[in-house]
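S.K.: What follows is a single structure, and I will ask about it in a moment.
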Amino acid sequence: MSMLSFPLTPRYLDQLLELADVPWCCDAFDAAFQQRGWARPATNGEPAVGWLDHWPLGDPDPLSWHVLLGEYPGCANTDDRSVACDEPECHEDSFLAFPLAYAAIDLIESGTGLPVDPRQLWGDPLPSAGIYTANATQEDVIACYDRAAHLLRSRLGTPLTTPPPVQSDPCERQLSWKRGKRLVSLFLDENLYNYGQDDWIGIDIRPLS
């Protein structure tokens, strides 16, 4: 199978986990992303970070690593982007999901029987920050998940016994930890954001319900 992975280092994981401590509002995430070099200063009164989409963690550079952002963080009862809110209905679809790997399992071109060109799935050219493996196996995918789980356990300890699902349906695999007012989860599941054409492994950060 084709596999595109993004190496997770302890230093980079620490940067991700620090985002679980950020107040859940637009202004706070604008500042956090700019501090890391993931966003340019805001202009024309607009937020610096674009939510409800994939966001490049680079220059911004479409060939860099990226994050999938859910609904805008904040409070539904005000337009003030500096206000964070703990009410579940104000952030039920707000999250940050950092991909660690994409894997196209048993995906072939109709008519030819050949593996689908990975550039059709993950961009043309492929992200420069990723590692492309043409002949990955299911064991390679699980090994990637297990390496991330080991790093997360070393930082956060024992995961929750019965974590809430980070998507509407339970993931194929999921480990979750509580960090302050946030839920930090490692997941392996079908990539619904790419119409289910591939599976993905990622780290999801969102407010606790």
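S.K.: Would you please list the contacts, defined by Cβ atoms under 6 Å and residues six or more apart or on different chains, that run from a residue in the range 161-176 that is under 18 Å from HIS91 (Cα atoms) and among the hydrophobic types (A, V, I, L, M, F, W, C) to a residue that is modelled with pLDDT of 85 or more and crowded, with 18+ Cβ neighbours inside 10 Å?
M.R.: Pairs found: VAL166/SER185; VAL166/PHE187; VAL166/ASP204.
S.K.: Separate question: In the range 129-153, which residue that is among the small types (Gly, Ala, Ser) and in a loop (DSSP other than H, G, I, E, B) is surrounded by the most Cβ atoms within 10 Å (Cβ to Cβ)?
M.R.: Step by step, filter the range 129-153, then rank; the result is GLY130.
S.K.: Give me the pairs: first residue in the range 195-209 and within 16 Å of VAL141 (Cα to Cα), second residue part of a strand (DSSP E or B) and of a type in the set (S, T, N, Q), beta-carbon distance under 9 Å, and six or more apart or on different chains, which are they?
M.R.: ASP198/SER2; ILE201/SER5; GLY202/SER185; ILE203/SER185
S.K.: For the range 154-185, name all the residues that are open to solvent by 30 Å² or more (accessible area, probe 1.4 Å), of a type in the set (A, V, I, L, M, F, W, C) and in contact with a Ser or Thr (Cβ under 6 Å, 6 or more places away or on another chain).
M.R.: LEU160
S.K.: Take the range 46-58 and flag every residue that is in a loop (DSSP other than H, G, I, E, B) and either modelled with pLDDT of 80 or more or over 13 Å from PHE33 (Cβ atoms) (or both).
M.R.: GLU46, PRO47, ALA48, VAL49, GLY50, TRP51, LEU52, LEU57
S.K.: Right, something else. Quick test of your reading of the structure: LEU188 fulfils all but one of (1) surrounded by fewer than 18 Cβ atoms within 10 Å (Cβ to Cβ); (2) part of a strand (DSSP E or B). Name the failing condition by number.
M.R.: The failed condition is (1).
S.K.: Output the residues belonging to the range 117-128 that are open to solvent by 50 Å² or more (accessible area, probe 1.4 Å) and not basic (Lys, Arg).
M.R.: GLN120, ASP124, PRO125, SER128 - these are the residues of the range 117-128 that are open to solvent by 50 Å² or more (accessible area, probe 1.4 Å) and not basic (Lys, Arg).
S.K.: Among the residues of the range 1-32 satisfying the criterion of being of a type in the set (Phe, Trp, Tyr) and touching a residue at least 24 places away in the same chain (Cβ under 8 Å), which is surrounded by the most Cβ atoms within 10 Å (Cβ to Cβ)?
M.R.: PHE29
The values are calculated or read from the model by the stated rules, or taken from the named source; none is laboratory data. Just so it is clear, the model here is predicted, and its values are computed rather than measured. A quick note on method: Cβ atoms are made from the backbone with ideal geometry, for glycine too, and the neighbour counts reach across all protein chains shown. For accessibility, only protein heavy atoms count, side chains too; no ligands or nucleic acids. Shrake-Rupley method; radii C 1.70, N 1.55, O 1.52, S 1.80 Å.
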